[in-house]
Amino acid sequence: KRKKIIIMLLHLLCLFIDRVSGLSLRETIQFDREAYVYDPRGRVLQLEYAERAADNGGLIFSTVVQDVGIICAFIYRNETKKIFQVDDGNFIAYTGLRSDGASLLDRGRRAAASERLSFPEKRPLPKRIARTLADTMHAAARGGGNRAYGVHLLIAGLSQQERPELFTVHPGGNIHCSHHHVLGGSGQSKNSKISSLLSSSMEGDCTTPEQVIASLTKMAFCDYDAVITVQVLAFRRDRNQKKHKLSSPRVFAWLADLRRDDLTHDLNNLHPRALASLTAALSDDDDAAQADAALSDISISKAQ
C-alpha cells in the first residue's frame, strides 16, 4: 500500500510539473543539461538558471545626478563589499555568485592594464571594459565545457565626453547602457518605493547627489532588516582641469561604507560628518587638511 501511495504521489507531482511548465519532467531534465540546447519553448534553461543565481545577490542601484555618478550596494550579514576600483577612474560592482564576480573583476583589471600599456596617454573607457567582460561572459554562456557566470556586472566610469557612464552586463553577455540601473534583489527591485525614487531622480525631484544617497541609505535600513551597511560610490571629473586632446581628466571619487548612524536622527539626510567627507572628496579645491579630517570620521577611500 505504501508503494502504491508513493507511486501515485510521484505521478501527481509529474502532472503538476507538466501543467506549470508545459514540459514533462523528462523533457526538463533533458534540455537543462547543456547551455547550447534549446527546449521546445525556445528557452536556454542553463542561462535562465544563471540569471536566477545573479538575481539572488543583494540590491545594487546606480544613477547619475548633476554629472555625478552614484552607485549604492546593500551589504547583508553574509556578504562582503561589492564595489571595486578597476583602474584610475573606472569601477565595477557585481551581485550574484562571489567567485564568479571575483574572476570577472580580475579579468576587467587585466583588460584595463593592457589598454594602459597600449595607450599610456589615455584612460581606459568603461565601454571598452564592458565589451571585454561581455565577450568573456558570452563565451562562457555558449557552453564548450564552461557554465554561464551567475552575476550581474555594473561598470562605471567617465565616457569619452567626460561624463559619468554606467553599463550593465548580464550572464548571457548582453550590455545595457543607461543612467539608471537596479540589479539583484530576487525581484525586490520591483518595490514601489524603489521605482518612485528612481523616477523622482530622473525627473529632478532629488536635486542633489546627497539627497539621492540619503534616500537610498534610509530605504536600506528601514525596508531591509538584513542590511548591515550600504556601500556608496560617488564620482565625477575634475571640472577645473583644462581639456587637452592627449590628457585624461582626473576623477574624484568617494567610496564609503555607511551605517545607520551616518544619517541624521530623522534618517532623511546625511550626518554632517558624512556630508563633509563627501564634499571634501568631490571638491575641486585640493584641500588635503579638510579631506584628512573627514577620513578620520568615516571609512572612505579617495581616488584621483
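Observations on the model:
- Residue-level check: of (1) of a type outside the set (A, V, I, L, M); (2) open to solvent by 10 Å² or more (accessible area, probe 1.4 Å); (3) free of Cβ contacts under 8 Å to residues at least 40 places away in the same chain, S103 misses just (3).
- Scanning segment 80-100 for residues that are open to solvent by 60 Å² or more (accessible area, probe 1.4 Å) and within 24 Å of R236 (Cα to Cα), we see that the one that is farthest from the chain's Cα centre (by Cα) is D88.
- Subset of segment 47-68 that is of a type in the set (A, V, I, L, M) and farther than 27 Å from A281 by Cβ - its residue that is nearest to the chain's Cα centre (by Cα): A54
- Filter pass, S186 being small (G, A, S), more than 19 Å from T63 (Cα to Cα), modelled with pLDDT of 85 or more and open to solvent by 50 Å² or more (accessible area, probe 1.4 Å): no
- Verdict on A54 being closer than 17 Å to H152 by Cα and either in contact (Cβ under 8 Å) with a residue 40 or more places away in the chain or among the charged types (D, E, K, R) (or both): yes
- Looking across segment 63-81, the residues that are assigned to a loop (DSSP other than H, G, I, E, B) and either at pLDDT 90 or above or polar (S, T, N, Q) (or both) come down to Q66, N78, T80.
- Subset of segment 274-285 (residues that are out of contact with any strand residue (DSSP E or B) (no Cβ under 6 Å at 6 or more places or on another chain) and either surrounded by 20 or more Cβ atoms within 10 Å (Cβ to Cβ) or modelled with pLDDT under 85 (or both)): A274, T279, A280, S283, D284, D285
- Condition broken by G58, with the remaining ones in (1) in a loop (DSSP other than H, G, I, E, B); (2) open to solvent by 50 Å² or more (accessible area, probe 1.4 Å) satisfied: (2)
- Which numbered condition R77 misses (of (1) open to solvent by less than 20 Å² (accessible area, probe 1.4 Å); (2) over 11 Å from P164 (Cβ atoms); (3) not aliphatic (A, V, I, L, M)): (1)
- Hits in segment 107-122 - residues which are within 25 Å of A53 (Cα to Cα) and either in a loop (DSSP other than H, G, I, E, B) or open to solvent by 80 Å² or more (accessible area, probe 1.4 Å) (or both): R109
- Qualifying residue in segment 60-76 (condition: closer than 26 Å to L216 by Cα and without any contact (Cβ under 8 Å) to a residue 40 or more places away in the chain): no
- Segments classed as strands (runs of 3 or more DSSP E), wholly inside segment 123-181, with at least 1 members that are within 17 Å of D106 (Cα to Cα) and either touching an Asp or Glu at 6+ places or on another chain (Cβ under 6 Å) or not β-branched (V, I, T) (or both): 151-158
The values are calculated or read from the model by the stated rules, or taken from the named source; none is laboratory data. Note that the structure is a prediction, hence the values are computed from the model and not measured. All Cβ positions, glycine included, derive from the backbone under ideal geometry; neighbour counts span all protein chains shown. Please note that ligands, DNA and RNA were not included when accessible areas were found on the heavy atoms of the full protein model with its side chains. Shrake-Rupley method; radii C 1.70, N 1.55, O 1.52, S 1.80 Å.
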